[in-house]
Amino acid sequence: MAVILSSFTTRVVLDKLEPFFEISIAQNMIVSYGIILALYAVYFVATYQSAKQIIVENNIK
């Protein structure tokens, strides 16, 4: 629900602000979202590998 609401709100705000500032905020937001998603992916992989290693070590003992 929050994603739907924030995407609608973001679109409305962008439609109002972009002509005022005469810049494209959407492109910067897409780059920012991409960076955030990449960081979360790296965090997920690191956490997964650490948990997997702990499980394997506990099974060996």
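FYI, it's all coordinate maths here, none of it is from the lab. A quick note: this is a predicted structure, and the numbers were derived from the prediction, not measured. Every residue, glycine as well, gets a Cβ built from its backbone with ideal geometry; the counts of neighbours run over all protein chains shown.
Miscellaneous remarks
- Note on I30 and Q49: their simple-model spin labels are 3.1 nm apart, each label 7 Å out from Cα toward Cβ.
- Once the Cα-Cα distance is subtracted from the 0.36 nm per residue extended length, the D15 to A38 segment shows a gain of 5.6 nm.
- Here the dipole of the chain is about 300 debye; that uses its Cα centre as origin and unit charges on the Cβ of Lys and Arg (positive) and Asp and Glu (negative).
- Within the chain, the percentage of alpha carbon pairs spaced more than 18 angstrom apart rounds to 60%.
- Among V56, A41, L17 - extreme Cα towards positive end, dipole of the chain, charges at beta-carbon: V56
- In order along the stretch 3-11, the phi-based Karplus estimate (6.51 cos²θ - 1.76 cosθ + 1.60, θ = phi - 60°) of 3J(HN,Hα) comes to 5, 5, 5, 5, 5, 5, 5, 4, 4 Hz; Gly and Pro are listed as x.
- Projected label distance in nm at I4 and E22, using a 7 Å step from Cα toward the beta-carbon: 3.9
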